[in-house]
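Reviewing the structure listed below.
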Amino acid sequence: MVKFQNTTKIYNFHTLALDNITFDVEKKGFVSVVGKSGAGKTTLMKLLLAEEKPTKGRIFFEGQDVHKIKTGHIPELRKKIGVIFQDYKLLPSKTVYENVAYVLEVIGADDAEISKDVPHVLEVVGLADKMNNFPKELSGGEKQRVAIARALIHRPDIILADEPTGNLDPYHEREVINLLLKINEMGTTVMLATHNKEIINSLRRRVITLEKGKLIRDEEKGRFIL
Amino acid sequence: MFVSLKRIIRSGWSNFRRQTALSFATVSIMVMTIFLITSLFLFQGTTNFLISLLEGRVDISVYFKKDIAEDDILRVKEELSQSPEVKNVEYISREDALARFIEKHKEDLVILESLAEVGANPFLASLNIKAFQASQYDAISDFFSQDPYQELVERIDYFQNKQIIERIFKISTSVKFAGSLLGLILGLIAVLVAFNTIRLTIYSSREEISIMRLVGASNWFIRGPFIVQGIIVGAISTLLTLIIFFLILFFANERVEAFLPNFSPLGYFLNNFFIILFIQLAAGIGLGIISSLIAIRKYLKV
């Protein structure tokens, strides 16, 4: 489903973020990407989302070369990918409800569906009572949960979760991981980037380890070893 | 399609409502811009009116010798009226001239007494000629310097007035030119200020625009609400400017009329209401939409 082929990314001609990375993620897979900050986890996701271009190599999503897509058709790619951004990327001028509803509006869902699904998902992430608040009125953890709700509301083919538990207390941390597992069981591919050792060790799923832009380990039922 | 349009409009309206300070700033800048553009339009109208008033007062009078028959003069008038340069010819008989003189000086007893002293009617019959352009007066006076007419004419007052006439026309041409130039410059400044204000408001949304791109919104779905916002700002600004103008002209009308008889600014405004409305809407909404489209382009590249 996702295929990185000899991908290298160099920022500003000298900062090497990814160095000749090659790996596949099969459909319905659950892959964790671990590594210290700066190891290239976020770059990986940016490349898949066509937010950045690779310096070398190719990236495929559902058989399509992501960087051969014309600018006008990039939205079609992004509609199939749900992203939980490390820095949340919520729309500051929209309420929690509208932030989550926006993604459904973008894919052209009808109003009835929106007014049914959004409150439901917000309830799942425990934010039903903050629906009409603006992002600036939320704590870091709450923003992160809005970002999670937004990433999964439109049932994307794959979810990219970039440090989705970074700002959560252990209780919510566990909840979010369980949610991701559940979504994965229902057939959605999940790519989870994290440096949370306990989570990785408890998951017993495939783990890709990055170090200074290099892929140093790729194991089924991997563990967090750095 | 229809659902998207509805969502775009709703989103544009809610952005306008929520960003109170920003909306207020944009509307006030827009009001100033539209106000300036409308003022330029009214200024143009007023100067054109004044110039035509001034130009209408310029004419030449050809005085005929005392013994020339009225029929002969009327024949000359007929001939002159055929000529394309001549706008209007008026015949003033000796009696008319006397009557006008008496009417004009009816309160000045000394003048009337001296007129009575003279006894007979001292005035000459004349043709009062108006041309379309100042340069044509030369040709008209030349017309009377040639043969069959030369003998009929006692004098032409063109030569005394020549300099004044030419100066008036020179001034009116320069006023028109300076007015247009000033209008162009001020208009340009106003447009640039409005354009940059809108650019700044979109600059403040640049992050939001890139997020929208990242969650898969198409470019038109992102641009739409900004365009709607531009239309709302343009429409509200037009409405406000219209009200401001109406009030100003309503209260200034009497003073201007006292100063410039036969010219009513309010009347001019109301007569040209639809042109003005069109200019204002075009300026307000057009600027809003075009500036938004240009400013937003840069942030859609994510």
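Loop-only trypsin sites (Lys or Arg not before Pro) in region B:39-125, please: DSSP not H, G, I, E or B, and at most 15 other Cβ atoms within 10 Å.
Those that pass, being in a loop and sparsely packed, are B:Lys65, B:Lys66, B:Lys106.
If the only charges are +1 at each Lys and Arg Cβ and -1 at each Asp and Glu Cβ, what is the size of the charge dipole of region A:152-226 around the Cα centre, to the nearest 20 debye?
Dipole magnitude for region A:152-226 comes out near 280 debye.
Counting only other residues whose beta carbon sits under 11 Å from that of B:Lys298, what net charge do I get with K and R as +1, D and E as -1?
+4
Excluding same-chain pairs closer than 8 in sequence, count the lysine pairs in region B:59-133 whose Cα atoms lie under 18 Å apart.
Pairs that pass both the separation and distance tests number 5.
Please give the average number of partner chain Cβ atoms lying within 10 Å of the Cβ of each residue in A:62-74, rounded to a whole number.
Counting Cβ atoms of other protein chains within 10 Å of each residue's Cβ and averaging gives 1.
When only C-alpha pairs under 8 Å and at least 6 residues apart count, what is the relative contact order of region B:59-133, in percent?
Relative contact order here is 54 percent.
Taking the DSSP beta bridges in chain A as the whole, what percent of them are antiparallel, to the nearest 5?
In chain A, approximately 50 percent of DSSP beta bridges are antiparallel ones.
So which trypsin sites (Lys or Arg not before Pro) in region A:14-77 pass both tests, a DSSP loop state and at most 13 other Cβ atoms within 10 Å of the Cβ?
A:Lys27, A:Lys36, A:Lys70
For A:Asn167, what is the net charge nearby, where nearby means another residue's Cβ is under 13 Å from its Cβ and Lys, Arg count +1, Asp, Glu -1?
-4
Normalising by the residue count of chain A, find the relative contact order in percent from Cα pairs under 8 Å and 6+ residues apart.
Relative contact order for chain A comes out at 28 percent.
Strictly over 25 Å apart at the Cα level, which of A:Lys28/B:Lys301; A:Lys27/A:Lys79; A:Lys70/A:Lys116 would you flag in this model?
A:Lys28/B:Lys301; A:Lys70/A:Lys116, as the Cα separations exceed 25 Å there.
Let me have the 222 nm mean residue ellipticity of chain A computed from DSSP H runs of 4+ only, each contributing -39500 (n - 2.57), with the sum over all residues rounded to the nearest 500.
-10000 deg cm²/dmol
Take each of the peptides B:142-148, B:46-52, B:239-245, average the number of other beta-carbon atoms within 10 Å over its residues, and list them starting from the highest.
B:239-245, B:46-52, B:142-148
Using just the helices of chain B, give the 222 nm mean residue ellipticity in deg cm²/dmol: DSSP H runs with n ≥ 4 each add -39,500 (n - 2.57), and the total is spread over all residues, rounded to 500.
Calculated at 222 nm, the ellipticity per residue is -25000 deg cm²/dmol.
Please give the average number of partner chain Cβ atoms lying within 10 Å of the Cβ of each residue in B:202-215, rounded to a whole number.
Per residue, the average neighbour count from other chains is 5.
Mind grabbing the base-10 log of I(q)/I(0) for chain B at q = 0.09, 0.10, 0.15 Å⁻¹? Debye formula, identical points on the C-alpha positions, no solvent, two decimal places.
Each listed q maps to, in turn, -0.68, -0.74, -1.14.
Report the net charge of residues surrounding A:Arg204, where surrounding means a beta-carbon distance below 11 angstrom and charges are Lys +1, Arg +1, Asp -1, Glu -1.
Value of the local net charge: +2.
Applying 1/(1 + (r/R0)^6) with R0 = 45 Å to the Cβ-Cβ distance of B:Phe273 and A:Ala128, what FRET efficiency is obtained, to the nearest 0.05?
Computed FRET efficiency for B:Phe273 and A:Ala128: 0.25.
Relative to the compact-globule scaling 2.2 N^0.38 Å, provide the ratio for the alpha-carbon radius of gyration of region B:59-133.
In units of the 2.2 N^0.38 Å rule of thumb, it is 1.29.
Could you pull out the longest piece of chain B with no exposed loop GluC sites (Glu not before Pro) in it, calling a site exposed if DSSP puts it outside H, G, I, E, B and it has at most 10 other Cβ atoms within 10 Å?
With GluC sites (Glu not before Pro) excluded where exposed in loops, chain B gives B:152-302 as its longest stretch.
Give me the angle, in degrees from 0 to 90, between the Cα long axis of helix B:109-118 and the longest principal axis of the Cα atoms of chain B, rounded to the nearest 10.
With rounding to tens, the tilt is 40 degrees.
Which lysines have a Cα less than 18 Å from the Cα of A:Lys41, not counting those fewer than 8 places away in the same chain?
Of all the lysines, those that pass the test against A:Lys41 - Cα under 18 Å, at least 8 places apart if same chain - are A:Lys3, A:Lys9, A:Lys53, A:Lys56, A:Lys89, A:Lys197, A:Lys212, A:Lys214.
When the convex hull of the C-alpha atoms of the protein assembly as shown is computed, what volume per residue in Å³ does it have?
222
May I ask you to list the GluC sites (Glu not before Pro) in region A:178-219 that are in a DSSP loop and have at most 10 other Cβ atoms within 10 Å of their Cβ?
Answer in residue order: no site qualifies.
Calculate the all-directions average of the projected area of chain A's alpha-carbon convex hull, and give it in nm².
12.1
Provide a whole-number value for the mean count of partner chain Cβ atoms within 10 Å of the Cβ atoms in peptide B:2-13.
The mean count of partner-chain Cβ atoms within 10 Å per residue comes to 2.
When the Cα centres of region B:249-302 and region A:151-226 are compared, how far apart do they sit, in Å?
Value for the Cα centre distance between the two parts: 59 Å.
We did not get these values from a lab; they are worked out from the coordinates using the rules stated. Because the structure is a prediction, the values reported are computed rather than measured. Here Cβ is always computed from backbone atoms with ideal geometry, including for glycine, and neighbour counts include all displayed protein chains.
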